[in-house]
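Nothing in this text is a laboratory measurement; each read-out follows from the coordinates by a stated rule. No experiment lies behind these values; they were computed from the predicted model shown. Note that we place each Cβ from the backbone using ideal geometry, even for glycine, and neighbour counts take in every protein chain shown.
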Amino acid sequence: MGSLVYREELEEDKNSAFTWEVQANNKAYNRQFKQKAFLCWWRKKYKRNAIHTAKYNVFSFLPLNLYEQFHRMSNLYFLLIIVLQGIPEISTLPWFTLFAPLVCLLTIRATRDLVDDIGRHRSDRAINNRPCQILVGKSFLWRKWKNLCVGDLVCLHKDSIVPADLVLLASTEPSSLCYVETADIDGETNLKFRQAPTITHHELTNIRKMASFQGKVVCEEPNSRMHHFVGCLEWEGKKYPLDSGNILLRGCRIRNTDTCYGMVIYAGFDTKIMKNCGKIHLKRTKLDHLMNRLVVLVSFPKSLLWLRFNPWPGIFLMLQMWPKKSY
C-alpha cells in the first residue's frame, strides 16, 4: 500500500514538476507564456496578485441568486401553484395572493445574500489594497498587493504579511534565515524558519545587485500541497535546487527578522493558500435537503395519482383551453 501511494505521488510530481518558469525582473519574458482557456481563446498563464472571492457582481446577482433560490423545491412548488392559479378555469384564489408572499420571501433571502457578498467585496478590496515594497528600477517603492506580478522582487520587514508565494533570496539575519509565523495558514503558532539559497545569500548583498538579478526559477505547476515544493534556480549557467524550506507562502507573517527579500513565483489564485480555498458553493443545511424531499414526496405522487385515476378532468381542461376558430 505504501509503495502504491509513493508511486502515485512520484507520477504526480513528474506530471507537474519543472513546467513553471519565472524570470526575475523581466516582465516581458513572463508575459509571453499563454495557456488555452476555452476553444480558441488563450489567456496569460501567470495571474496577477488580485483576488476576488465574492460570488456576485452587478450583472450576475439577480439571475444567479434566483437560480440558487429556486434550487429549493418549496419555491418551485409555490411557483407552480401560482402558475396554475393564473388559469381561470381551475383557479380558486387570485394569483397575486400567493405571488406576494413568494416575492417577499425571495426578497428577504436575496437581501441576506447581498449583505454577505458586500462583506466579501469589502474584504477583497482591503486585501488587494494592502501596501508592499516592490523593486522598481533601482529602488523599492510602495505599491499595492494587486499590482504584484510573478518575477517581481519584494522587500518585507518585521511583522509584514507575505503578499504572494516567494522564493527567499536574502535577509538581514545570519545565513539569510527568516522566521515566519503560519498561524493564518495552518493554525500553528510556533515559529518556523526559512533559508535563502547560499548563492543568493552571498551575491545579492545590495539593491543594485538585486536590480540586475536575472535568475530564473523553474518549478512545479501551482498546486494545493502546502508543505511541498520542487524546483531549481537557474542563474549564470548553473542550477541550484529549491525546496519548501526556501519558500515564503502567502499569508505568513515575518517574525524576528528585520528585513528579507523574495521573488514572486505564484501570485493571486495560483498561490497555495488560494488553491486550498476552492470555490464558493451553494450552502444547504440538512433541513433544506429534508424539505426538498418532503415537497417531492408530498406533491408529485399526489399529482400522478390524481391524473391516473381522474384523466377526464385534465382532458376536459385541455379541450377548454384549445383555441377555437371564429366564423
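Couple of notes before you dig in:
- Label-to-label distance, Ile199 versus Arg225, with points set 7 angstrom from Cα along the beta-carbon direction: 2.3 nm.
- Subtracting the Cα-Cα distance of Leu105 and Ser74 from their residue separation scaled by 0.36 nm leaves 10.0 nm.
- Positive minus negative residues near Val154 (Lys, Arg vs Asp, Glu; Cβ under 13 Å): +2
- Electrostatic bookkeeping for Leu233 treats Lys and Arg as +1 and Asp and Glu as -1; over the other residues with beta carbon under 12 Å from its beta carbon, the sum is -2.
- In this simple spin-label model, placing a label point 7 Å from the Cα along the Cα-to-Cβ direction at both Ser91 and Lys36 gives a separation of 5.5 nm.
- Distance (nanometres) between label positions extended 7 Å along Cα→Cβ at Cys277 and Val115: 2.3 nm
- Shown is the FRET efficiency for Phe61 and Asp258, computed with R0 = 35 Å from the Cβ-Cβ distance and rounded to the nearest 0.05: 0.15.
- Local net charge near Tyr266, Cβ-Cβ under 11 Å (Lys/Arg +1, Asp/Glu -1): 0
- Extension gain, Ile161 to Asn190: 0.36 nm times the residue separation minus the Cα-Cα distance gives 8.8 nm.
- Extension gain, Leu84-Ser123: 0.36 nm per intervening residue step, less the Cα-Cα distance, totals 9.6 nm.
- Packing-based ranking of 31-40, 146-155 yields 146-155, 31-40, ordered from highest to lowest mean Cβ neighbour count within 10 Å.
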